[in-house]
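Chemist: Here it is: the structure, laid out below.
The values are calculated or read from the model by the stated rules, or taken from the named source; none is laboratory data. None of these values were measured; they are calculated from a predicted model. Quick reminder, even Gly has a Cβ in these numbers, built from the backbone with ideal geometry, and neighbours come from all protein chains shown. Accessible surface is based on the protein model in full, side chains and every heavy atom, while ligands, DNA and RNA are left aside. Shrake-Rupley method; radii C 1.70, N 1.55, O 1.52, S 1.80 Å.
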Amino acid sequence: VAAGSAGLHVVDITNPTAPALLGTVDTPGSAADVRVRGNYAYVADGSAGLQVIDVTVPTSPQIIATAPTGTATGVDVTATLAVVTRGGAGVQLVDITNPAVPVLRGSAPSSSSANDVVVSADGNTAFIADYTGSLRAIDIRNPSAPVVAGATPGSLGGYLFDVARSDSFVFGADVFFVNGVPIV
């Protein structure tokens, strides 16, 4: 759980009706988002950038690396890449081939405020919740030179704070359409 100023919480959900806190690590920033891949949790940690946390021992998670991405608001990961949203600064791609040594790669602009990200199942496209910029699709096949591949207008895709993906659909958390969920 990305727990804001409390950092990262590791929670056992074996019994969903009685979740149990196993461990916590206080991150240097404010944990806004988290994605787990293998034994590593990748935390969008506000002004502290991207934190890479080893959760092999859930009762004792340890920060093993930091990527200075700028203010990190959201994150999603593939096998070798972390895609980090950075508000008005857009998106930063980070090579996580070796999680202990994250390497900054390319970046892509935001038209408004990149709040969150979800990567397509094939790992080729990052879908960005770009607030009044709505939904932006970024081709990330070349991490050193990502390209904005398309966008929905706010009147169609809404003003997005968050995104989620299921199969070939992207769902937006929107403030433009009252009680609506844009589906692309």
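Chemist: Assigning unit charges at the beta carbon (Lys, Arg +1; Asp, Glu -1) and nothing else, what dipole magnitude in debye, to the nearest 20, does the chain show about its Cα centre?
Modeler: So the magnitude is around 260 debye.
Chemist: Separate question: Using a 1.4 Å probe, what is the accessible area per residue for region 79-122, in Å²?
Modeler: Numbers: 1580 Å² over 44 residues.
Normalised by residue count, the accessible surface of region 79-122 is 36 Å².
Chemist: Once the Cα atoms of region 100-184 are picked out, what are the Rg and Dmax in Å?
Modeler: 12.9, 43
Chemist: Per residue of region 72-79, in order, report the coupling 6.51 cos²θ - 1.76 cosθ + 1.60 (Karplus, θ = phi - 60°) as ³J(HN,Hα) in whole Hz, putting x for Gly and Pro.
Modeler: Result, ordered by residue: 8, 10, x, 8, 9, 9, 10, 4 Hz.
Chemist: In addition: Using all alpha carbons of the chain, what is the percent of pairwise distances in each 5 Å bin, ordered from the shortest bin to the longest?
Modeler: 1, 9, 18, 20, 19, 15, 10, 5, 1, 0
Chemist: Ok, one more. Tell me, what % of the accessible area of region 59-184 is carbon and sulfur with a 1.4 angstrom probe?
Modeler: Roughly 55 percent of what the probe reaches on region 59-184 is carbon or sulfur.
Chemist: Further, regarding this structure: Can you tell me the relative contact order of the chain? Whole percent, Cα pairs under 8 Å, sequence separation 6 or more.
Modeler: On the way: 557 pairs, mean separation 21.0, N = 184.
Value for the chain: 11 percent.
Chemist: Additional query: Report the Cα-based extents of region 9-106 along its three principal axes, largest first, to the nearest Å.
Modeler: Dimensions of region 9-106 along the principal axes of its Cα atoms: 41, 26, 21 Å.
Chemist: Ignoring ligands and nucleic acids, what accessible area does Tyr40 show with a 1.4 Å probe (Å², nearest 10)?
Modeler: 70
Chemist: When the solvent-accessible surface of protein heavy atoms is calculated with a 1.4 angstrom probe, in what order do Ile138, Ile63 fall, highest first?
Modeler: So the residues, ranked largest to smallest area, are Ile63, Ile138.
Chemist: A follow-up question, please. Taking amide H positions as placed 1.01 Å from N in the peptide plane, with prolines and chain starts having none, which residues 5 or more places from Leu81, or on another chain, fall under 5 Å of its amide H?
Modeler: Counting only residues 5 or more places away or on other chains, the set is Ile96.
Chemist: Taking Cα centroids, how far is region 165-182 from region 1-65 in Å?
Modeler: Taking the Cα centre of each part, region 165-182 and region 1-65 sit 26 Å apart.
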